[in-house]
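Engineer: Below is the structure I would like to discuss, written out as structure tokens.
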Amino acid sequence: AKENGRNTYQFYMPEMNQRAFERLFLNSDLHRALDRGEFELYYQPQLRLSDGAVVGAEALLRWNHASKGQISPVLFIPLAEESDLILTIGHWVLEQACLAARRWYNAGYRQLRVAVNLSARQFTRSLPQTVAQVLRQTALPPELLELELTESLLMEKPEQVREVLEQLRELGTLTAIDDFGTGYSSLSYLKHFPLNRLKIDRSFVKDLTSDSDDAVIIEAIIALAHSLRLQVVAEGVETPAQLEFMRRHGCDDVQGYLLGRPMPADELMRFLQQRPMP
Ligand code: C2E
Ligand code: CA
Ligand code: CA
Ligand code: CA
């Protein structure tokens, strides 16, 4: 330790050690977060472009840490994914999201889906059983649950994933490929899997009005996805120009700050009430 100018001690650890220390510290907090009720789901609306109806909401996890404030899932999900903790958290997320969707259903929103992000580690052979159990327990119609998975998962264990996806389709839930375009799978590869929707990654949407390559890529993704009978959702829509582009190219649904930020469940309810019911 080295004394600095103001009678406090600054610890000079090699950078790696400091980071390891921080990780350990967060990690032990993370294990207790669920029991302490520090997790909360936010919901971001998804709008259908043809009529502007809110057709879904993506559940996004927030950690309200007692002393550090709200922590981004980008920071703690990778940490949770290093152990089975992600299974416990993932199950809680699934239950909470289905409960919320059932409340929307009870309030008269009979077609409003909830989309849940799944980590690769959750994608085991027992997933369909887990999902079926949560649907029963929350009395949510299966078609109102959409599961988001990444394309890298399809690449890593294609056979097992296809089997699981087939069982999920039998259950009646929907599946979406998240962050499409960031991995290395091609659209032709997707046709081997029973999927319903494809989400265009935010990075393509972001530069689409300045980068003509990105515009061409998005056009191609939408056209090819439709030829495979996949619906297309654009994420990260922030500007009217991006929205207009999606409309012009027949994108099905849009999600992004322009249309609505992720918000707590009660706020989403108010958001819905301010709009005509589809
Ligand atoms: P994602 O699944 O790609 O989620 C979309 C992210 O983009 C969210 O960040 C959302 O808040 C943000 N976003 C939405 N619209 C806009 C926009 O117009 N502009 C910009 N710049 N960003 C926008 P968030 O909530 O920080 O989540 C980050 C990632 O953490 C998610 O990326 C997802 O991979 C992961 N994640 C979040 N919740 C869960 C969860 O319950 N389980 C798992 N396994 N992963 C989760
Ligand atoms: Ca997602
Ligand atoms: Ca995404
Ligand atoms: Ca992403």
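Engineer: State which residue pairs qualify: first residue within 16 Å of ligand 2 (Cβ to nearest atom) and inside the stretch 185-214, second residue of a type in the set (Ser, Thr, Tyr) in any location, beta carbons under 7 Å apart, and separation of 6 or more residues or different chains.
Structural biologist: Here the result reads Leu195/Thr175; Asn196/Thr175; Asp201/Thr182; Ser203/Thr182, each pair linking the stretch 185-214 to a residue that is of a type in the set (Ser, Thr, Tyr).
Engineer: Here's something else I'd like to know. Taking the stretch 95-121, which residues are more than 25 Å from Glu267 (Cβ to Cβ) and touching a Ser or Thr at 6+ places or on another chain (Cβ under 8 Å)?
Structural biologist: Residue satisfying the conditions is Ala120 alone.
Engineer: Something else: Of everything in the stretch 63-108, what is more than 19 Å from Met263 (Cβ to Cβ) and within 16 Å of ligand 4 (Cβ to nearest atom)? Give them in sequence order.
Structural biologist: Within the stretch 63-108, Leu75, Phe76, Ile77, Pro78, Glu81 qualify.
Engineer: Find the helices (runs of 4 or more DSSP H) located wholly in the stretch 153-262 whose residues include 3 or more that are within 29 Å of Ala139 (Cα to Cα) and open to solvent by less than 20 Å² (accessible area, probe 1.4 Å), and list them.
Structural biologist: 158-171
Engineer: Any idea which residue in the stretch 128-152 is farthest from Asp179 (Cα to Cα), counting only those that are within 16 Å of ligand 4 (Cβ to nearest atom) and in a helix (DSSP H, G or I)?
Structural biologist: Ser152
Engineer: Can you tell me which residue is modelled with the lowest pLDDT among those in the stretch 139-152 that are in contact with a helix residue (DSSP H, G or I) (Cβ under 8 Å, 6 or more places away or on another chain) and surrounded by fewer than 19 Cβ atoms within 10 Å (Cβ to Cβ)?
Structural biologist: Filtering first and then ranking leaves Ser152.
Engineer: Taking the stretch 133-156, which residues are away from ligand 2 (no atom under 16 Å from the Cβ) and in contact (Cβ under 8 Å) with a residue 40 or more places away in the chain?
Structural biologist: Residues satisfying the conditions are Val134, Gln137, Thr138, Leu140, Leu144.
The values are calculated or read from the model by the stated rules, or taken from the named source; none is laboratory data. This structure is a prediction, so every number in the text was calculated from the model and none was measured. For neighbour counting, all protein chains shown are included, and Cβ atoms are generated from backbone atoms with ideal geometry for every residue, glycine included. With ligands, DNA and RNA removed, areas are computed over all heavy atoms of the protein, side chains included. Shrake-Rupley method; radii C 1.70, N 1.55, O 1.52, S 1.80 Å.
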